[in-house]
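In what follows, a single structure is set out as structure tokens and then discussed.
The numbers here are math on the coordinates, done by the rules we state, and not lab data. Note that the coordinates shown come from a computational prediction; the quantities given were computed from them, not determined experimentally. Neighbour counts are summed over all protein chains in view; Cβ atoms, including those assigned to glycine, are modelled from backbone coordinates with ideal geometry.
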2 protein chains.
Amino acid sequence: MRQEQIEREAGAAFMPKFDGQGLLTAVVVAAGTRDVLMVAFMDAAALEKTKETGFAHFHSRSRGRLWMKGETSGHVLKVLEIRVDCDQDALVLICEPHGPACHTGAISCFYRRLEGEGLRPVSD
Amino acid sequence: MRQEQIEREAGAAFMPKFDGQGLLTAVVVAAGTRDVLMVAFMDAAALEKTKETGFAHFHSRSRGRLWMKGETSGHVLKVLEIRVDCDQDALVLICEPHGPACHTGAISCFYRRLEGEGLRPVSD
């Protein structure tokens with residue numbers, strides 16, 4: 001195994017591995033319920049703003065810009081902890097959500113389950 | 001709001017929105033502990049194989065091919081439920097893991113937390 005990979009996987013240094021678009025995958029989990037609330041992407045600027053402010057910032061792939069979750073709705077995500085995966089290309093943000101995380105008004109963006117070829121609402 | 005977006009967000013039809021690389025983001029959660037175990041990517045073939053077999057398959061971006069999680073280690077992920085997000089570009093796979101999910105031997109790939117500029121092992 002290459003030395004860089006050993007350091008990345010086993011080390012104490014934060015060496016985020018941004019993809020070809022300069023992004024990390026970020027999974028937002030609610031601290032209380034442990035529900036997965038949303039998935040979004042962070043570039044270096046979004047990561048820096050999140051660390052600096054304590055509120056989740058992302059990079060919008062569709063709008064091509066930095067945004068703070070809740071900047072218009074007020075439904076911000078207070079970040080309590082950031083976990084990093086083995087190869088450092090994905091993060092889990094353990095958050096305290098202020099309001100619903102989904103722009104549809106749902107608590108979580110994952111409000112439907114796949115059943116056969118269709119979708120059904122998640123009840124729990 | 002455009003009709004397609006309404007259908008995608010509120011409808012009962014599964015209309016997966018693959019990105020420019022033909023991928024969806026997949027977050028694996030353990031059914032029992034609700035831990036986030038790993039994050040990976042699925043193309044249409046990986047999604048089809050997962051639905052067909054009941055075991056998690058992904059598309060490896062580095063190796064450019066379909067793989068079944070655990071195909072060499074035996075640490076497969078039995079998929080109990082697939083949840084779909086609002087815009088249908090991300091999935092949560094609720095799984096029963098057979099062995100550690102991480103190739104390092106850790107139960108979850110997210111075994112470190114960010115503290116300041118460095119990483120610390122997650123104890124819980």
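Shape of region A:80-124 from its Cα gyration tensor (a ≥ b ≥ c, root eigenvalues): rounded if a/c is under 1.5, otherwise prolate when a/b > b/c, or oblate? Oblate shape, in that a/c is at least 1.5 and b/c is the bigger or equal ratio.
Classification of region B:1-73 by its C-alpha gyration tensor yields a prolate form. The axis ratio a/c (a ≥ b ≥ c) is 1.5 or more, and a/b outweighs b/c. The alpha-carbon positions of region A:13-54 define a convex hull whose volume is 90 Å³ per residue. Placing a label point 7 Å from the Cα of B:PRO121 along the Cα-to-Cβ direction, the distances to the matching points in the other copies come to 4.5 nm, shortest first.
Extending 7 Å from Cα along the Cβ direction at B:VAL122 and again at A:GLU52 yields two label points whose distance is 2.7 nm. The C-alpha atoms of chain B define a longest principal axis, and helix B:44-53 lies at about 70 degrees to it.
Contact order, relative form, for chain B: 23 percent (alpha carbon pairs under 8 Å, 6 or more residues apart, mean separation divided by residue count). Amide H to amide H, with H built 1.01 Å from N, B:VAL122 comes under 5 Å of B:ARG112, B:ARG113, counting only residues 5 or more places away or on other chains. Computed over the Cα atoms of the protein assembly as shown, the ratio of the radius of gyration to the Kirkwood radius (Rg/Rh) comes to 0.94. Each other copy holds its own label point for B:LEU66; taking that point as 7 Å from Cα along Cα to Cβ, the gaps run 4.2 nm, nearest first.
Given +1 at the Cβ of Lys and Arg, -1 at the Cβ of Asp and Glu and no other charges, the dipole of region A:1-66 around its Cα centre is 220 debye to the nearest 20. Peptide B:86-96 is shielded by partner chain Cβ atoms: per residue, an average of 4 of them sit within 10 Å of its Cβ.
With a cut-off of 8 Å between alpha carbons and a minimum separation of six or more residues, what is the relative contact order of region B:16-56 in percent?
Details: 40 pairs, mean separation 12.7, N = 41.
Relative contact order, region B:16-56: 31 percent.
Consider all pairwise Cα distances in chain A and report the whole-number % of them above 16 Å. For chain A, the share of Cα pairs beyond 16 Å comes to 64 percent. With the cut-off at 22 Å, tell me which of the pairs A:LYS78/B:LYS69; B:LYS51/B:LYS78; A:LYS49/A:LYS78; A:LYS69/B:LYS78; B:LYS49/B:LYS78; A:LYS17/B:LYS17 have Cα atoms farther apart than that. Among A:LYS78/B:LYS69; B:LYS51/B:LYS78; A:LYS49/A:LYS78; A:LYS69/B:LYS78; B:LYS49/B:LYS78; A:LYS17/B:LYS17, the Cα-Cα distance tops 22 Å for A:LYS78/B:LYS69; A:LYS69/B:LYS78; A:LYS17/B:LYS17. Of all DSSP-defined beta bridges confined to region B:1-111, some 75% are antiparallel rather than parallel. Counting from the shortest, the label point at A:GLU81, 7 Å from Cα toward Cβ, is 2.3 nm from the same position in each remaining copy.
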